[in-house]
Each structure stands twice: as structure tokens, then as C-alpha cells.
Amino acid sequence: MVKNNGYINKDECIRRGYIRKNGGVYKMSLLEKYAAKGWLAFGNPRYSQADRLRAAQRLQRDCETSHFMSIGVSGTREKIDGKKKNADDVEAICRARERYFAAIKQIPEEFLPVVREVCLENKEMSLPQGVIGQRKAEMNYAARHDLCRGLDRLIRYYWPV
């Protein structure tokens, strides 16, 4: 660790899991960490990491607006009265749920578990217990591929080309 009179440069900030945006420093979600590590570069070469990140964030927004998402990923907090933002707007909630369910249908079921874990639950990609060494590295690589291929389907759904 490099000490520079209390100042942390951008690379060290990202390495520690924080990002600077909108004039503040925020804790990165798991998806943003994967993007910073370059793990969203797999899949169709036609799409960039930024496209995959944007599609995942769109899915998160639809899930959050549908009131399906936990606080951990979205970062929104409930108000004292127990209602979140736009909790009374039933039409917006219904539209968001339709978009969410239609987007989830676009992802093949073999890619869906990893997309759900990383994008919606903000959890590491789970591997079977007892996997070690080279096999663990291979399974991590396959899971990253599955994540990117699932996000490629979301890109095609949200922004048809």
C-alpha cells in the first residue's frame, strides 16, 4: 500500500472497492467490481463492457422499481413510513414488472442463476463445495462467460439493433 499523505489515488480507490462519482466516493457493487477487473469483456465481441454494465443496471432498475430488489444492491433506503420512492404509483410498478419479467425471459435458464446472483443479489458467483485448484479457475472462467452471455441477451432485449 502506498501512503501519500492521506490521499488515495484512483487506482487504489478502485482496488479497495470504491468509486468516485457525482462528487462523492461510493462503495462499488459486485457488478462494478467485475467491470473494473475486466470480467465483463467475455461474450459477443460486438458488445463492450460498458454495454453489459448498462444492461445489468437497467435490469436492476426495473427490479428495484418493481419492488422486488433488496436494499443491498439498489442502495435505496425505505422511508420512516415504510414506503419507498414511487410506492404509490401502481402503474409504474406494473410497467416495471412487465419489463423485468420480459427481460428475464430473454436470458436462457443456464445463464440465469449467475445473472441473478451477480446483478440482482450482489453475491459472488457460487461454485460447488470442494472445488479447488485448476478446476476452480476453469469454473470461474465459465461462470464469467455465462454472465456475459446472459448480459448480451439483455442488451439485445433493451436496445434492439
Item checked: Complete set of residues in region 117-138 that are closer than 14 Å to A56 by Cβ, touching a residue at least 12 places away in the same chain (Cβ under 8 Å) and open to solvent by less than 70 Å² (accessible area, probe 1.4 Å) -> V118, C119, L120, N122, M125
Next item on the list: Report yes if I155 is part of a helix (DSSP H, G or I) and either open to solvent by less than 30 Å² (accessible area, probe 1.4 Å) or at pLDDT below 90 (or both), otherwise no.
Entry: yes
Item checked: Where V115 falls short, out of the listed (1) farther than 17 Å from E32 by Cβ; (2) assigned to a helix (DSSP H, G or I) -> (1)
Check: Looking at this structure, is Q57 surrounded by fewer than 18 Cβ atoms within 10 Å (Cβ to Cβ) and at pLDDT 75 or above?
Finding: yes
Note to self: Test of understanding: among E78, E110, which residue is closer than 30 Å to Y141 by Cβ, at pLDDT below 95, loosely packed, with under 12 Cβ neighbours inside 10 Å and not hydrophobic (A, V, I, L, M, F, W, C)?
What the structure shows: E110
Next item on the list: Kindly check whether there is at least one residue in region 81-90 that is under 12 Å from the mean Cα position of the chain (by Cα), modelled with pLDDT under 90 and loosely packed, with under 13 Cβ neighbours inside 10 Å.
Entry: no
Next item on the list: Go through region 8-45 and give me each residue that's out of contact with any helix residue (DSSP H, G or I) (no Cβ under 8 Å at 6 or more places or on another chain), in a loop (DSSP other than H, G, I, E, B) and at pLDDT below 85.
Entry: I8, N9, R16, N22, G23
Notebook entry, point to check: From the residues in region 20-42 that are small (G, A, S) and open to solvent by less than 30 Å² (accessible area, probe 1.4 Å), which one is farthest from D89 (Cα to Cα)?
Noted result: G38
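The values are calculated or read from the model by the stated rules, or taken from the named source; none is laboratory data. Because the structure is predicted, anything quoted here is derived from the model rather than measured. Reconstructed Cβ throughout: ideal geometry from the backbone, glycine too, with neighbour counts over all protein chains shown. Remember, those area values only see protein heavy atoms, side chains included, never the ligands or the DNA or RNA. Shrake-Rupley method; radii C 1.70, N 1.55, O 1.52, S 1.80 Å.
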